[in-house]
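One structure below.
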Amino acid sequence: MPTEILMPALSPTMEEGKLAKWLVKVGDEISAGDVIAEIETDKATMEVEAVDEGTVAKILIDEGTEGVKVNTAIAVIAGEGGDISDAAEAAASAPAAPEAAPSEPAAPKGPEPEDDPEVPEGTEMVSTTVREALRDAMAEEMRADGDVFVIGEEVAEYQGAYKITQGLLDEFGAKRVIDTPITEHGFAGLGVGAALGGLRPIVEFMTFNFAMQAIDQIINSAAKTLYMSGGQMGCPIVFRGPNGAAARVAAQHSQDYSSWYAHVPGLTVVQPWSAADAKGLLKSAVHSPNPVIFLENEILYGQHFDVPKLDDWTVPLGKAKVVKAGSDVTLVSFGIGMAYVTKAAEELKGLGIDAEVIDLRTVRPLDINTILASVKKTGRCVTVEEGWPTCSMSSEIGFQIMEKAFDYLDAPVARVTSKDVPMPYAANLEKLALPSVAEVIEAAKAVTYTA
Amino acid sequence: MATKPKTAATRNQGGTHSRSRQSTSRTAKKTPAIAEFSKEQELAAYRDMLLIRRFEEKAGQLYGMGLIGGFCHLYIGQEAVVVGMQMALKPGDQVITGYRDHGHMLATGMEAKGVMAELTGRRGGYSKGKGGSMHMFSKEKNFYGGHGIVGAQVPLGTGLAFTNVYRGTDNVTLTYFGDGASNQGQVYESFNMAKLWHLPVVYIIENNKYGMGTSVERASSNVDLSERGASFDIPGEQVNGMDVRAVKAAGDRAIAHCRAGKGPYILEMLTYRYRGHSMSDPAKYRSKEEVQKMRTEHDPIEQVRKRLLDKKWAGEDELKSMDKDVRGLVGEAAEFAQTDPEPDPSELWTDILH
Ligand SMILES: Cc1ncc(C[n+]2csc(CCOP(=O)(O)OP(=O)(O)O)c2C)c(N)n1
Ligand SMILES: [Mg+2]
């Protein structure tokens, strides 16, 4: 059987090249792997190797020819026992790739997030710190599923750098509560491997500042593998730990990563404020078949909130919560940002401005519908977060409101964020760098045109 | 200092003996360096290596025709490594590697059709056309990828081994990476945890002498990569990765060590890639003579072929017909990879979340 040798593409972008030199002539016997020609592209000179064995029957393109298009036949090979003159006559062509369907699919609408479960009448509410709520969530999930384990620096014997894993080692033992060396990239990757293998790791970062050392494993391995495997390999893992500014720990220990992770398809990103949400969302995160980034806050750890005393209290991922209804302006925030927003809303009331307050709770997927419903009612929106302004959650929310509720706006969307500087150490400067209740009030007044 | 630097020239590339490092706890056992193969084993190894070779040649051809896009890293020359290691595994053992992964997939028993169709980006590919050459997986065959970030598979493989311990199985994870990858920090983070927690993982460093255009000598302060576990007290061996029997013997030793609960083991496979780093590599960093010498004197497939003929375990005709079968299989895979449709456009939006 005669075969044509085609001008090969030697790089992802090559379209044509110069056939610089033939290293074989008609009548030569060649076998697979023999170098038969040299080709020059704008980048390099490359050798062309034979793939089949046989005899060179005909050279179709002379050496020195410039601009030979990829896939042009350049020679004909007669197969074993073939007649080289017959072969030279025959012309075969490479089967054409079936055309891709031209239509462009629209992004599907994600599933509507569920509502929070009903808290039955008469349920006891227990005042609980965020710290205890997080610990209880992990303990409950570890009791329910033997595949759930906790791994990180100081999580076991030290009981957690911020005491979130207090008591877990005693109850679950060293097999399931694992102290690691200081090796973020390594243990994040190990956790992802365990999740690909079917376990359900909860990976604690002492703080998310240190997770930058592990971000390749989080994004390239955890977030993308389901897609790259055509749906075969899920990665049920939770990465959790304190995120954002604490107090006076300066630039390298004070960054909010919400928008970094919210950027990435394949991740779910949560940042709770109240203890009830912290508990319910962490349990949902452990149940999730997908990688979840769970951003906590050191300042919130010690704060008390009411948590319903229920056997299995979960809060759905992806669902924002209207914390306070109002009619004049929508204040959107999440995590510690809620502390500014709730205080501002109270003060605004005294000024005659009735604010609606939304706690996003999950920042990816963004529950834009809850925001839009509110903005359509109030016509005004202020976003508040401790992250930097550029490419922030605020940027995203503002843009989506412009796209989807432009005609409802009575004022441009305003944002209150951290200042665009590394976090300073000095107490006064740190205060200036962070958002403040006063700034939220100013922004609300500006968008409601109440000077 | 008058110590002689270790260079590639002083190593026994292409020789017949594996060398193990001697130290109190790290001594690798002195079992025979080469596994005696039965006729069936020789024939199976020959066929498996041939399948990889023919598959890769065909992939190179399809790339040349523009049917395969992006990066495509061929495994030609290194076939004995995966085939020998696979012979030492038992069901349930896992395999993970980097982007030079076609050979590993075929060795684990993944179908040539599905692999080739992934290379051409078609819906019948192992990742439905969404992963490509560097990102393919098979849960069924315990193949965990196919990873494009140099070194990232090393903690992942360590995590798979962790799963084996957690579940109380005696399975072992083979974690393959290159000489270039062996300089990544996360490799050593993994070594440390694996030894600390006695994880059953064999780290297989495929030393093909180059990471892209950089030779081992220009990248690694100590070119004996089998010693890379020394700080962690992980035993290591250099193995002639061109001889499938040496690979199998070393694989048996390493896997027995892991299954016995003694923790990780390092095998440095001295091997060679005949082709460029990827399809677009003109390979100006090495001489034609160097490549030619490896091909003619140490080819892993030729070695088995010669033994089969010498021992009269197979005749020329038999081997020829085996080659024909393998070509047929690869031809079918290539045909499928060209006629199978591209993924449905709706696939753009699937498999992002479960
Ligand atoms: C983190 C990272 N850095 C760089 C690259 C680009 N790159 C891809 S392969 C490669 C060389 C790796 O060589 P080696 O580990 O020896 O494996 P081989 O290609 O020889 O099989 C480089 C630098 C990458 N993919 N990932
Ligand atoms: Mg290499």
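Per-residue answers, yes or no, for (1) surrounded by 15 or more Cβ atoms within 10 Å (Cβ to Cβ); (2) touching a residue at least 60 places away in the same chain (Cβ under 8 Å); (3) part of a helix (DSSP H, G or I):
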site	(1), (2), (3)
A:353	yes, yes, no
A:372	yes, no, yes
A:407	no, no, yes
A:415	yes, no, no
A:441	yes, yes, yes
- Note on the structure: Considering residues that are open to solvent by less than 40 Å² (accessible area, probe 1.4 Å) and in a helix (DSSP H, G or I), the number found within region A:141-175 is 5
- Note on the structure: Every listed condition ((1) touching a helix residue (DSSP H, G or I) at 6+ places or on another chain (Cβ under 8 Å); (2) within 13 Å of ligand 1 (Cβ to nearest atom)) holds for residue B:178 save (1)
- Name, by its number, the condition in (1) among the β-branched types (Val, Ile, Thr); (2) more than 16 Å from ligand 1 (Cβ to nearest atom); (3) open to solvent by less than 10 Å² (accessible area, probe 1.4 Å) that does not hold for residue B:223. (2)
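If you check B:302, B:332, B:318, which single one turns out to be open to solvent by 60 Å² or more (accessible area, probe 1.4 Å), under 19 Å from residue B:37 (Cα atoms) and within 14 Å of another protein chain (Cβ to nearest Cβ)? Outline the logic, then answer.
Working: B:332 fails: under 19 Å from residue B:37 (Cα atoms); B:318 fails: within 14 Å of another protein chain (Cβ to nearest Cβ).
Result of the check over B:302, B:332, B:318: B:302.
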- Message: Based on this model, can you work out whether residue B:350 counts as open to solvent by 30 Å² or more (accessible area, probe 1.4 Å), away from ligand 1 (no atom under 16 Å from the Cβ), among the β-branched types (Val, Ile, Thr) and farther than 28 Å from residue A:3 by Cβ?
- Response: yes
- Can we say residue A:344 is more than 28 Å from residue A:143 (Cα to Cα), surrounded by 24 or more Cβ atoms within 10 Å (Cβ to Cβ) and not polar (S, T, N, Q)? yes
- Query: Across region B:143-163, what is the total count of residues that are within 8 Å of another protein chain (Cβ to nearest Cβ) and among the polar types (S, T, N, Q)?
  - Reply: 2
- Residue that is farthest from residue A:268 (Cα to Cα), among those in region A:374-403 that are of a type in the set (D, E, K, R) and surrounded by fewer than 18 Cβ atoms within 10 Å (Cβ to Cβ): A:377
- Query: From the list B:255, B:234, B:204, which one is open to solvent by less than 10 Å² (accessible area, probe 1.4 Å), within 16 Å of ligand 2 (Cβ to nearest atom) and among the β-branched types (Val, Ile, Thr)?
  - Reply: B:204
- Message: Cβ contacts < 6 Å: first residue in a loop (DSSP other than H, G, I, E, B), restricted to region A:29-40; second residue not aliphatic (A, V, I, L, M), any location; separation 6+ or different chain. Result?
- Response: A:31/A:53; A:32/A:53; A:32/B:57; A:33/A:49
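Working carefully through the options A:113, A:181, find the one that is within 19 Å of residue A:278 (Cβ to Cβ), within 14 Å of chain B (Cβ to nearest Cβ) and part of a loop (DSSP other than H, G, I, E, B).
Values: A:181 fails: within 19 Å of residue A:278 (Cβ to Cβ).
Among A:113, A:181, only A:113 is within 19 Å of residue A:278 (Cβ to Cβ), within 14 Å of chain B (Cβ to nearest Cβ) and part of a loop (DSSP other than H, G, I, E, B).
Please pick out the residue among A:450, A:417, A:362, A:370 that is modelled with pLDDT under 95 and not hydrophobic (A, V, I, L, M, F, W, C).
Values: A:417 fails: modelled with pLDDT under 95; A:362 fails: modelled with pLDDT under 95; A:370 fails: modelled with pLDDT under 95.
Of the residues listed, the single one that is modelled with pLDDT under 95 and not hydrophobic (A, V, I, L, M, F, W, C) is A:450.
So, in region B:200-218, of the ones that are part of a loop (DSSP other than H, G, I, E, B) and away from chain A (no Cβ under 13 Å), which residue ends up farthest from ligand 1 (Cβ to nearest atom)?
First pass over region B:200-218, keeping only residues part of a loop (DSSP other than H, G, I, E, B): B:200, B:208-209, B:212-213.
Restricting the remaining residues to those that are away from chain A (no Cβ under 13 Å) gives B:208-209, B:212.
Values: B:208: 5, B:209: 8, B:212: 4 Å.
Looking at the filtered set, the residue picked out is B:209.
Quick one: would you say residue B:165 is more than 16 Å from ligand 1 (Cβ to nearest atom) and touching an Asp or Glu at 6+ places or on another chain (Cβ under 8 Å)? Don't jump to the end; show me each part of the working.
On the way: more than 16 Å from ligand 1 (Cβ to nearest atom): yes; touching an Asp or Glu at 6+ places or on another chain (Cβ under 8 Å): no.
It is false that residue B:165 is more than 16 Å from ligand 1 (Cβ to nearest atom) and touching an Asp or Glu at 6+ places or on another chain (Cβ under 8 Å).
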- Message: Exactly one of these conditions fails for residue A:214: (1) hydrophobic (A, V, I, L, M, F, W, C); (2) away from every other protein chain (no Cβ under 14 Å); (3) part of a helix (DSSP H, G or I). Give me its number.
- Response: (2)
- Output for region A:52-63, where each listed residue is in contact (Cβ under 8 Å) with a residue 40 or more places away in the chain and within 51 Å of the chain's Cα centre (by Cα): A:52, A:61
- Task: Test residue B:274 against the criterion of being open to solvent by 40 Å² or more (accessible area, probe 1.4 Å), touching a residue at least 12 places away in the same chain (Cβ under 8 Å) and within 16 Å of ligand 2 (Cβ to nearest atom), and give yes or no.
- Result: no
- Query: Do we find a residue being open to solvent by 20 Å² or more (accessible area, probe 1.4 Å), modelled with pLDDT of 95 or more and away from ligand 1 (no atom under 16 Å from the Cβ) anywhere in region A:189-201?
  - Reply: yes
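Regarding residue B:307, is this residue at the interface with chain A (Cβ under 10 Å from one of its Cβ atoms) and either open to solvent by 80 Å² or more (accessible area, probe 1.4 Å) or not acidic (Asp, Glu) (or both)?
On the way: at the interface with chain A (Cβ under 10 Å from one of its Cβ atoms): no; either open to solvent by 80 Å² or more (accessible area, probe 1.4 Å) or not acidic (Asp, Glu) (or both): yes.
In short, no.
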- Every residue from region B:219-270 that is in contact with a strand residue (DSSP E or B) (Cβ under 6 Å, 6 or more places away or on another chain) and in a loop (DSSP other than H, G, I, E, B): B:234, B:235, B:241, B:264
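Hey, can you tell me all the residues within region A:380-389 that are part of a loop (DSSP other than H, G, I, E, B) and over 15 Å from residue A:423 (Cα atoms)?
Initial filter on region A:380-389 (part of a loop (DSSP other than H, G, I, E, B)): A:380, A:385-389.
Correct list: A:380 only.
Residue-wise test of (1) within 14 Å of chain B (Cβ to nearest Cβ); (2) in a helix (DSSP H, G or I); (3) more than 30 Å from residue A:446 (Cβ to Cβ).
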site: A:260; (1), (2), (3): no, yes, no
site: A:306; (1), (2), (3): no, no, yes
site: A:310; (1), (2), (3): no, no, yes
site: A:327; (1), (2), (3): no, no, no
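The values are calculated or read from the model by the stated rules, or taken from the named source; none is laboratory data. Note that this is a predicted model, so its numbers are computed, not measured. Note that we place each Cβ from the backbone using ideal geometry, even for glycine, and neighbour counts take in every protein chain shown. Only protein heavy atoms, including side chains, enter the accessible area calculation; ligands, DNA and RNA are left aside. Shrake-Rupley method; radii C 1.70, N 1.55, O 1.52, S 1.80 Å.
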